[in-house]
1. Is it the case that the stretch 275-292 has a residue that's part of a loop (DSSP other than H, G, I, E, B), more than 20 Å from the chain's Cα centre (by Cα), hydrophobic (A, V, I, L, M, F, W, C) and modelled with pLDDT of 95 or more?
2. Just to be sure I understand, how many residues within the stretch 154-167 are without any contact (Cβ under 8 Å) to a residue 40 or more places away in the chain and either touching a His at 6+ places or on another chain (Cβ under 7 Å) or in a loop (DSSP other than H, G, I, E, B) (or both)?
3. Residues in the stretch 47-58: is at least one within 25 Å of E323 (Cβ to Cβ) and part of a loop (DSSP other than H, G, I, E, B)?
4. Output the number of residues of the stretch 147-180 satisfying the condition of being buried (at least 19 other Cβ atoms within 10 Å of the Cβ) and not charged (D, E, K, R).
5. Filter the stretch 307-320 down to the residues that are within 21 Å of the chain's Cα centre (by Cα) and either farther than 25 Å from W280 by Cα or surrounded by fewer than 23 Cβ atoms within 10 Å (Cβ to Cβ) (or both) and list them by number.
6. Which pairs do you get when a residue that is closer than 20 Å to F66 by Cα, found in the stretch 79-105, comes within reach of a residue that is among the charged types (D, E, K, R) and surrounded by fewer than 18 Cβ atoms within 10 Å (Cβ to Cβ), reach meaning Cβ atoms under 6 angstrom, with the pair 6+ apart or on two chains?
7. Got a sec? Which of R11, R95, R80 is surrounded by 20 or more Cβ atoms within 10 Å (Cβ to Cβ) and among the charged types (D, E, K, R)?
8. Given the condition of a type in the set (A, V, I, L, M, F, W, C), in a loop (DSSP other than H, G, I, E, B) and in contact with a helix residue (DSSP H, G or I) (Cβ under 6 Å, 6 or more places away or on another chain), answer yes or no: does some residue in the stretch 353-370 qualify?
Amino acid sequence: MVRDQPSRRWRPYTRSAGYRVHIYTSPHLVRFTERIVVSGSEISKNYLEELLIECEDANNGENITFFEITTAAAMLAFSRNPADLLLLEVGLGGRFDATNVIERPMLSVITPVSMDHQDFLGNTIDEIAFEKAGILKPSVSAIIGPQTNEALNVIKSRALELGSSAYVFGEDWNISPANNQLMFKMGSKSSIVPRPNLLGDHQIQNAGCALASVKLLNGQFPVSPQEIEMGLVSINWPARLQKLKEGNLIENLLEDVEIWIDGGHNQDAAKAIASTLRDWRTASPEISIHMVFGALNNRCPQNFLQYFTDVIDTIRAVDIPGETNALSASQIETAALECGLKAYPAKGISSAITDIISNSSGKRRILICGSLYLAGAVLRKNNYLQN
């Protein structure tokens with residue numbers, strides 16, 4: 001069992017190596033069943049309903065959260081179906097998360113700690129890192145992704161207390177660009193691997209976390225260099241700088257208009273997205289960049305939008321369809337204007353796209369971002385279903 005967040009980085013390598021894998025992730029984008037993969041296949045709706053009823057009966061009316069009962073149903077499914085590996089993604093934090101019930105996993109992975117979910121995890125990087133480090137277990141190795149000094153000190157301290165061997169980015173392993181490929185180094189061994197099939201420099205570090213995990217477990221679960229290469233070039237992560245190539249939203253779109261989506265919602269995600277948009281500007285200055293933005297009301301939109309003042313031409317503010325806990329388009333418009341952006345409200349996703357096209361010319365890229373819930377709404381509207 002490997003504890004990871006997010007486990008989507010691991011899946012291509014294990015799949016290309018032929019292992020049967022259980023996966024538990026959250027949240028979902030389009031279908032609730034996306035969260036649970038049993039022996040390599042997404043769980044069926046009927047089977048999940050049966051498991052949820054069984055868990056509800058066993059709970060006997062006691063208080064239980066949505067995530068807790070979903071996790072229980074997933075664990076029940078995993079216990080009844082054979083697999084070689086379980087990739088278990090933490091829902092929130094780690095220390096008190098419903099997934100943190102495995103006494104001795106094979107490996108723990110802590111990805112970069114950022115300011116997120118402060119209402120639950122704390123208001124400082126130190127506090128959040130402490131909650132994330134709650135997944136570390138005695139004598140269980142851990143892969144530690146790039147961290148701030150504050151977060152790394154907390155994680156290292158906890159690993160030392162538990163006798164957990166921490167393999168730290170920049171100390172025990174590294175990954176860096178090498179021409180059009182990547183150089184991965186762990187210990188005294190290094191290798192050249194392809195870049196992942198994902199946009200953004202941050203995806204290089206994400207790939208490094210997965211590669212370090214694969215290398216560490218290679219004795220128990222061998223993955224050949226060819227299978228690693230296959231995993232990197234085939235990785236698919238919906239709603240992470242994803243270009244829509246077919247579907248309802250683009251079937252009648254002008255050839256000079258592109259639609260992209262990203263579900264990132266915190267400041268680190270904003271920085272990463274803005275960096276990619278700057279690369280777009282440098283490579284193709286003739287292409288204008290426009291944003292459609294929506295967010296939940298537990299987010300400060302200014303914290304996200306402040307990174308885009310020099311990279312986007314206009315922004316359309318939208319409500320998130322079906323989300324009562326979303327910020328209104330007018331609230332987002334106000335926040336965007338405060339950041340110095342050219343902002344306009346829109347009645348919805350389609351209206352925002354139409355408005356951008358009607359009020360601009362030439363080649364255009366439209367990025368819809370700010371929330372996984374907004375990204376999911378776009379994919380549903382586009383009639384896209386992830387296989």
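The values are calculated or read from the model by the stated rules, or taken from the named source; none is laboratory data. Quick caveat: nothing in here was measured; it's all calculated off a predicted structure. A quick note on method: Cβ atoms are made from the backbone with ideal geometry, for glycine too, and the neighbour counts reach across all protein chains shown.
1. So far as the stretch 275-292 goes, yes, one or more of its residues are part of a loop (DSSP other than H, G, I, E, B), more than 20 Å from the chain's Cα centre (by Cα), hydrophobic (A, V, I, L, M, F, W, C) and modelled with pLDDT of 95 or more.
2. Number of matching residues: 2.
3. No, that holds for no residue.
4. So the count comes out to 13.
5. Scanning the stretch 307-320 gives Y307, I320.
6. A98/E68
7. Only one candidate qualifies: R11.
8. Among the residues of the stretch 353-370, not one is of a type in the set (A, V, I, L, M, F, W, C), in a loop (DSSP other than H, G, I, E, B) and in contact with a helix residue (DSSP H, G or I) (Cβ under 6 Å, 6 or more places away or on another chain), which makes the answer no.
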